[in-house]
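The values are calculated or read from the model by the stated rules, or taken from the named source; none is laboratory data. Here the structure is a predicted model, which is why all the values come from computation and not from measurement. Methodologically, a virtual Cβ is constructed for each residue, glycine included, from the backbone with ideal geometry; neighbour enumeration extends over all protein chains shown. Note: areas computed on protein heavy atoms with side chains; ligands, DNA, RNA excluded. Shrake-Rupley method; radii C 1.70, N 1.55, O 1.52, S 1.80 Å.
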Amino acid sequence: YMETQVYGKRFYFAPDSDFRILIYDHTGKKKGEIARPYQRIKIDEAYKTKVLNFFKTDRRWKKNFDMIRKIGKFKTYFPAIKMLLVDSKGIYVQTYRESDGRSEFQIFDLNGQFLRKRMMPFPDTMGINIVPIHTIRNGKLYQLVENEDSESWEIQILDFK
């Protein structure tokens, strides 16, 4: 699994488990690279249990649970980059670092210059780091979140300012 984004005439790739983003133009010429030191997070037993429970109970996966459990393997660490978003205001990199229901985003300008870190509420709708339905525009993240009480979808707008 590799995070990729296209914005304007540039392509952004996070090709491996390190905190590294390669930037290419539309002709295939490398225009830059973002690399930052990052202490990767170990995958703990609680997360493994949560993932197995998801596959065991989700209606789309439960009939294949025995096969998944048999052949599935957990890595030792999460990759550094969970999600990569790019818009006119910058490059937004979500990591696996979380605290109090918030996820860490590292924010860069379009040339790859680090600007700041921000902890943002970002519901993990399935409980296993499956990215929810979202898009970004002008520095605002628009995320469709399911309200389980009303059984309806609601839009959540987060500003990266």
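Assorted remarks:
- For segment 1-19, a residue qualifies if it is among the charged types (D, E, K, R) and either open to solvent by 70 Å² or more (accessible area, probe 1.4 Å) or over 17 Å from the mean Cα position of the chain (by Cα) (or both), and the qualifying residues are Lys9, Arg10, Asp18.
- Within segment 55-88, the set of residues being part of a loop (DSSP other than H, G, I, E, B), touching a strand residue (DSSP E or B) at 6+ places or on another chain (Cβ under 8 Å) and under 20 Å from Ser103 (Cβ atoms) comprises Phe78, Pro79, Ala80, Ile81, Lys82.
- Residue within segment 83-97 that is of a type outside the set (A, V, I, L, M, F, W, C), surrounded by 13 or more Cβ atoms within 10 Å (Cβ to Cβ), within 18 Å of the chain's Cα centre (by Cα) and modelled with pLDDT under 90 present: no
- Scanning segment 144-158 for residues that are part of a strand (DSSP E or B) and out of contact with any His (no Cβ under 8 Å at 6 or more places or on another chain) yields Val145, Glu146, Asn147, Ser152, Trp153, Glu154, Ile155, Gln156, Ile157, Leu158.
Yes or no, residue by residue, for (1) under 25 Å from Val6 (Cβ atoms); (2) of a type in the set (Lys, Arg); (3) touching a helix residue (DSSP H, G or I) at 6+ places or on another chain (Cβ under 7 Å):
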position	(1), (2), (3)
Arg69	no, yes, yes
Lys73	no, yes, no
Ile91	yes, no, no
Gly112	yes, no, no
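- Against the test of being within 30 Å of Gly139 (Cβ to Cβ) and surrounded by 18 or more Cβ atoms within 10 Å (Cβ to Cβ), the options Pro79, Pro37 yield a single qualifying residue, Pro79.
- Selection of segment 17-53 for residues being assigned to a loop (DSSP other than H, G, I, E, B) and under 21 Å from Gly72 (Cβ atoms) yields Ser17, Arg40, Ile41, Ile43, Asp44.
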